[in-house]
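The values are calculated or read from the model by the stated rules, or taken from the named source; none is laboratory data. Only a predicted model underlies this, so the values are computations on that prediction, with no experimental measurement involved. Cβ atoms come from the backbone with ideal geometry, glycine included; neighbour counts cover every protein chain shown.
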Amino acid sequence: MPETGRLRTKATDDNGGLTNMSYHLPARAMRAHWTAALLATTAAVVPCVAQAQVQDANEIIVTGRAITATKTDTPLVEIPQSISVVTEEEMRDRTVVDFQDIYRYSAGVQTTGSIDSRGDFILTRGFDAAQYLDGLKRMPDFIYGARLEPFSLERAEVLRGPSSVLYGAGGSGGVLNGASKMAKFDFGGQAGFAVGTDSRLQAQFDVGGPLSDVVAVRMVALWRDGETQWGTPDDRVLLSPSITFRPTQNTELTLLGLYQKDKQGSLGYAPLFKTFLENDPSPDVAFNFYQGEPGFNGMDTEYMSGTILLSHDFSEALTFRSATRWSDMDTDYKEVYSNYTANPWADAAETMLKREFYVNYEKSRVFNTDNNMQFDIATGAISHTFLFGVNYHKFRQQKDEGYSYDNIIFPPGLPFGSPPPINIYDPQYGADFDFGPFVFTNFRSSQLGFYAQDQLKFFDRINVVLGVRRDEAKSYFNGVKQYDEVAWTFRGGVIGEVAAGISPFFNYAESFLPTPGGDFFGNPFAPREGRQYEGGVKWEPMRGALISAAYFDIKESNYVSPDPDNIQNFLQGGEVGSTGFEFEATIRKQDDYELTASYTYIDAKALTNTSTLAEGDRLLGQPKKLASVWASKTFLMEGDWMFRAGGGVRYVGNVKGTGGYIVPSVTLVDAMASVGMGPWLLSVNAANVLDKKYYASCSLLGVEHGLCTAAKDRTLLASISYNF
């Protein structure tokens, strides 16, 4: 039976039976060995729940299936909604360093391009995408710290569009779901070491296997010492043990722990009119100019979580699944950043940039659980897969925050002043200034949801998905109730195979997203609500290949956007939407070649006047056009040798920033090469290999002032690993 939040692969054994394995190896031993080596070395994800079928003694073909879209093991070509998956090998090849890097070649997905220690900010179809892990939402909304480490994951999926029927707290953009590495009943692992740009040193290992016929264990560990492009720390320690109990063929229990400790820096901001984007007569500021204080700016985070995953098959037709996680995070964030006032300069020559500071001591606690029952039944030519579930989410956060401002005093009578200004052409660090926690806030929220879904299959060609959900959501800010909402959301879709491998589809889906916290002045945020109409076609011309095209129309109310007058504030109000077209093609021929291509056009704009946008204005941060292509090829040579090479091109269209400033488009090139012999693998990977200097975002603050954040420059990684 399918499993929630883990890889399930079925392969035919020599006797024609089924065996549960990560991969059932073909007879050609060296080909199989290098497939396993490449898969084990990655620091990212496996595509989806995969179905391996042996065509002959020497070939395995892996066809795509997904968990995220339906919470059941469903082939991609039977899901009436756009969903993409990314293989472990692809993530290794494409130099994945952060969680957002996983989706750089996925249609409709826009990553920030910059390195922001506070989190991974990913847009899907113009809207924020909710981040889930093992089917459970990691954080209710934007919370400083604890970014997902790709090496702790074994697959990722992106489900586009509103998805609240199954997930409750899901935004209009969609769901990004990663699956943790967990204990399996196959012994194996890898140990490796990597060096790279930004003084990166990293050691990692992943080893696991059975202790008996009923118990398996696994340990995933990583140590990293490095820097950001601004010279601030980028250090991490991660430990993730897991143990799986399988007392019978019908019952499986997994306990998963995670400990992650980070020491990282904060963003760099450059004065807009002193960058190469503007024709200012004064010299350009250095691309990686840093306005902060290296001994002050930074974020120390300690994150711990425990997860329990349980599945039990009562019969071939009835399955119970449960996923529960508790997490605890402490964050110490400090930042000195550029002043955003109308006059940011402390001198007439415009070389001394005014600065402010922000401190945040934050404690967050999250508990969530999802439990469902799957019931399969066939009635003549129609089969049903019913899913009934309940999930509960509880979140608590305490903050001590401090600010310094010239034009905003909150609360009145701040005892601390601003940091001294800094010379943008000759920055000198180590300035002394007073700071401390000033404002204590306490936030609590909870959400209880009941959902039901029916997957109908007619004559083995037409698949229909129907779903409904009821949510009760509450939140309290400093003991005062923010909202107490009850919401119903619905979902429906149909996909049918009208010709060999060609399946048109249509869906309607809704979202309901409670938004914790409030604006800078204590006004609470209301839940955001969205809906989507989507139609398209999926074509599976051969096993291992999927080509899809889709048109979508999304609308969302209670839009949240940055405050143009206060870099630390967000405002809410109005209705926004996006319409567009997506194309994505993926061909994966195991042990041979892979090809991925995508194109996206998105018209994301305000449908009414919002707090910061006029009707018809473009939404912030979303390019109208995205395009990418990636290709790789494996060469199996004489003896134990293997060589693999690949490369890709990504185009990101221009982006609108706060205040209406348009950041130019950019084209980036990635590349990789690896060589292996026996159990050893040596790889060189590069992202932005041509070292294109560009800015990820810019905000126009006033008539002659703005800030820009430098995008990630070239990343080079050389790694060696031993696979067993």
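Name the pairs whose Cβ atoms lie under 7 Å apart, with the first residue in region 184-198 and of a type in the set (Phe, Trp, Tyr), the second surrounded by fewer than 19 Cβ atoms within 10 Å (Cβ to Cβ), and 6 or more positions between them or separate chains?
Phe185/Pro210; Phe187/Gly209; Phe187/Pro210; Phe193/Ala203; Phe193/Ile720
Taking region 622-640 only, how many residues are surrounded by 14 or more Cβ atoms within 10 Å (Cβ to Cβ), in contact with a helix residue (DSSP H, G or I) (Cβ under 9 Å, 6 or more places away or on another chain) and not β-branched (Val, Ile, Thr)?
4
Identify the single condition in (1) out of contact with any His (no Cβ under 8 Å at 6 or more places or on another chain); (2) under 25 Å from Arg470 (Cβ atoms); (3) touching a residue at least 60 places away in the same chain (Cβ under 8 Å) that Ala169 does not satisfy, given that it satisfies every other one.
It is condition (1) that Ala169 fails.
Which pairs turn up if I take residues in region 116-132 that are within 15 Å of Ile602 (Cα to Cα) and look for partners that are hydroxyl-bearing (Ser, Thr, Tyr) and part of a loop (DSSP other than H, G, I, E, B) with beta carbon separation below 6 Å, at least 6 apart in sequence or on another chain?
Going by the 6 Å Cβ cut-off, the qualifying pairs are Phe127/Ser172.
Given the criterion modelled with pLDDT of 90 or more, over 30 Å from Asp332 (Cα atoms) and either surrounded by fewer than 19 Cβ atoms within 10 Å (Cβ to Cβ) or within 13 Å of the chain's Cα centre (by Cα) (or both), identify the matching residue among Val158, Val195, Val165.
Of the residues listed, the single one that is modelled with pLDDT of 90 or more, over 30 Å from Asp332 (Cα atoms) and either surrounded by fewer than 19 Cβ atoms within 10 Å (Cβ to Cβ) or within 13 Å of the chain's Cα centre (by Cα) (or both) is Val158.
Can you go through Asp280, Asp313, Asp284, Asp300 and tell me which one is within 19 Å of Leu253 (Cα to Cα) and acidic (Asp, Glu)? Spell out how you get there, then give the answer.
Values: Asp280 fails: within 19 Å of Leu253 (Cα to Cα); Asp284 fails: within 19 Å of Leu253 (Cα to Cα); Asp300 fails: within 19 Å of Leu253 (Cα to Cα).
The unique qualifying residue is Asp313.
Does Ser503 qualify as being modelled with pLDDT under 95, touching a strand residue (DSSP E or B) at 6+ places or on another chain (Cβ under 7 Å) and assigned to a strand (DSSP E or B)?
Against the criterion (modelled with pLDDT under 95, touching a strand residue (DSSP E or B) at 6+ places or on another chain (Cβ under 7 Å) and assigned to a strand (DSSP E or B)), Ser503 does not qualify.
So which residues in region 662-699 are under 24 Å from Asp284 (Cβ atoms) and surrounded by 20 or more Cβ atoms within 10 Å (Cβ to Cβ), if there are any at all?
Val663, Val666, Leu668, Asn688, Tyr694, Tyr695, Ala696, Ser697, Cys698, Ser699
Looking for whichever is more than 26 Å from Lys605 (Cβ to Cβ) and buried (at least 19 other Cβ atoms within 10 Å of the Cβ) here; the options are Glu510, Glu540. Which one fits? I'd like the intermediate steps shown before the answer.
On the way: Glu510 fails: more than 26 Å from Lys605 (Cβ to Cβ).
Matching residue, one of Glu510, Glu540: Glu540.
May I ask you to say which residue of Leu201, Leu222, Leu176 is more than 23 Å from the chain's Cα centre (by Cα) and in a strand (DSSP E or B)?
Only one candidate qualifies: Leu201.
So in region 249-297, with the set limited to residues that are small (Gly, Ala, Ser) and part of a loop (DSSP other than H, G, I, E, B), which one is surrounded by the fewest Cβ atoms within 10 Å (Cβ to Cβ)?
Step by step, filter region 249-297, then rank; the result is Gly295.
Out of all the residues in region 168-182, is one or more closer than 23 Å to Asp300 by Cβ, at pLDDT 90 or above, in contact with a strand residue (DSSP E or B) (Cβ under 6 Å, 6 or more places away or on another chain) and crowded, with 20+ Cβ neighbours inside 10 Å?
no
For (1) at negative phi; (2) part of a loop (DSSP other than H, G, I, E, B); (3) surrounded by fewer than 23 Cβ atoms within 10 Å (Cβ to Cβ), each residue gets a yes or a no:
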| position | (1), (2), (3) |
| --- | --- |
| Gln81 | yes, yes, no |
| Glu89 | yes, no, no |
| Gln100 | yes, no, no |
| Ala107 | yes, yes, no |
| Ser117 | yes, yes, no |
| Asp120 | yes, yes, yes |
| Ala129 | yes, no, no |
| Met139 | yes, yes, yes |
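Let me confirm something: among Thr489, Thr515, which residue is modelled with pLDDT of 85 or more and either surrounded by 18 or more Cβ atoms within 10 Å (Cβ to Cβ) or hydrophobic (A, V, I, L, M, F, W, C) (or both)? Steps first, please.
Values: Thr515 fails: modelled with pLDDT of 85 or more.
Criteria check complete, one pass: Thr489.
Here is a yes/no grid of residues against (1) without any contact (Cβ under 8 Å) to a residue 60 or more places away in the chain; (2) of a type outside the set (D, E, K, R):
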{"site": "Glu582", "(1), (2)": "no, no"}
{"site": "Glu594", "(1), (2)": "no, no"}
{"site": "Ser598", "(1), (2)": "no, yes"}
{"site": "Ala606", "(1), (2)": "yes, yes"}
{"site": "Asn609", "(1), (2)": "yes, yes"}
{"site": "Leu613", "(1), (2)": "yes, yes"}
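What is the number of the single condition among (1) in contact with a helix residue (DSSP H, G or I) (Cβ under 9 Å, 6 or more places away or on another chain); (2) under 30 Å from Tyr358 (Cα atoms); (3) surrounded by 24 or more Cβ atoms within 10 Å (Cβ to Cβ) that Thr95 does not meet?
Exception for Thr95: condition (2).
(1) in contact with a strand residue (DSSP E or B) (Cβ under 6 Å, 6 or more places away or on another chain); (2) under 30 Å from Asp553 (Cβ atoms): which one isn't true of Asp101, the others all being true?
Tallying (1) in contact with a strand residue (DSSP E or B) (Cβ under 6 Å, 6 or more places away or on another chain); (2) under 30 Å from Asp553 (Cβ atoms), Asp101 fails exactly one: (1).
Going by the conditions given, is Thr369 surrounded by fewer than 18 Cβ atoms within 10 Å (Cβ to Cβ), of a type in the set (S, T, N, Q) and modelled with pLDDT under 90?
no
Where residues in region 700-711 are surrounded by 22 or more Cβ atoms within 10 Å (Cβ to Cβ) and under 21 Å from the mean Cα position of the chain (by Cα), which of them is farthest from Pro271 (Cα to Cα)?
Among those that are surrounded by 22 or more Cβ atoms within 10 Å (Cβ to Cβ) and under 21 Å from the mean Cα position of the chain (by Cα), it is Ala711.
Have a look at Asp670, Asp691 and point out the one that is in a loop (DSSP other than H, G, I, E, B) and within 22 Å of Arg200 (Cβ to Cβ).
Values: Asp670 fails: in a loop (DSSP other than H, G, I, E, B).
Result of the check over Asp670, Asp691: Asp691.
Rundown of residues vs (1) at pLDDT below 90; (2) in contact with a Leu (Cβ under 8 Å, 6 or more places away or on another chain); (3) of a type in the set (Asp, Glu), yes/no style:
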position: Ala52; (1), (2), (3): yes, no, no
position: Val62; (1), (2), (3): yes, no, no
position: Ile83; (1), (2), (3): no, yes, no
position: Arg94; (1), (2), (3): no, no, no
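Regarding Leu620, is this residue more than 25 Å from Leu159 (Cα to Cα), of a type in the set (A, V, I, L, M, F, W, C) and in contact with a strand residue (DSSP E or B) (Cβ under 9 Å, 6 or more places away or on another chain)?
When the stated conditions are applied, Leu620 does not pass them.
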